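No lab work stands behind these numbers, since they all come straight from the coordinates. Keep in mind that this is a model prediction, so the values were computed, not measured. Neighbour counts are summed over all protein chains in view; Cβ atoms, including those assigned to glycine, are modelled from backbone coordinates with ideal geometry.
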Amino acid sequence: MLDASRIRAILFDMDGTLADTDDAYIARVARLLRPIHFLFPRRDPTYFLRWGLMTTETPLNWLMTVPDQLGLDKPLAAINDLAYRLRGQGSPQHFLIIEGARSMLELLSARYPLALVTSRSRRGAEAFLDQFDLCPYFRVVVSALTASRIKPHPAPVLCAAERLGVPVAHCVMVGDTTMDIQAGRRAGAQTVGVLCGFGERSELERAGANMILERTPLLAGALPGNDEQ
C-alpha cells in the first residue's frame, strides 16, 4: 500500500503517463493505413493497432532497454539530436496530453517538488513541456542522457531525487509501465502505476506497484489535501 505520509516529492514518467502517446502513435499509423482500411474489422485499423500495441507491450519495453544494456543509448541519442539540429527541425512532434494532467500538476506542484523522469531525449521532453506550458511545474527533468542508465535501471530515479534534494525513500515514481515501477522500486522509492498508457494492471501488480490508478490525474485525489480530478 502507498504510504502517503512519506511522500515529499513526486516523479512522473512522460509517455503514457502525462503524454497520451499510445493514442498519438495509433492515430498516426491509422492515417497511413487509410488506403487499405477495408482490410480491417469495421473498416477501421484502430482496433487492430490497439490490440497489437497491448499484446506486444512487454517485448517492446524489453527492446527499448537493449541499447542501454549495450552501452549504445547515449551515442544513439546524441546522433539523433544532432541529426535534428542539422536539418533545422524544431519540435519533434505534436503531442497529446492525458486529459486532466495539467490541472493535476498545478495542484500537486503547490505541495510537492515534481520531476519528469523519461527515457526520451532532452529535446523530446522539453518539446512536450513547452507545448502544454508545463515547465513551471517541474523543478527537475531527467531525460535519456541525464543519468548513466535508463529505466528500469534505478539511476534516473536516484538522479531525480538527488537533484530535488529529497531522499529517494520519500519520493514516489508514477508511471504506466513495468520499467517505471521497477526503476522506482530498485531505487528505494514508492511507486504508482497508471492504466492510461501502455501497461496492464496484471503487469503493474507483478512489478510491485504500491498503488494502481485508472488515470494519472486521479493521483491528486489519492493524496491527502487534494480534490480528485
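Ranked by how many other Cβ atoms sit within 10 Å of their own Cβ, fewest first, the residues 202, 148, 143 fall in the order 202, 148, 143. Extension gain, residue 201 to residue 214, is 3.8 nm, computed as 0.36 nm per intervening residue step minus the present C-alpha separation. Look at where the Cα atoms of the stretch 198-216 and of the stretch 117-153 average out, and the two centres are 22 Å apart.
Could you please report the charge total around residue 187, scoring K, R as +1 and D, E as -1 over all other residues with beta-carbon less than 12 angstrom from its beta-carbon?
+2
For 205, 126, what's the fewest-to-most ordering of other Cβ within 10 Å of each Cβ?
On the way: 205 13, 126 17.
Arranged by neighbour count, lowest to highest, 205, 126 become 205, 126.
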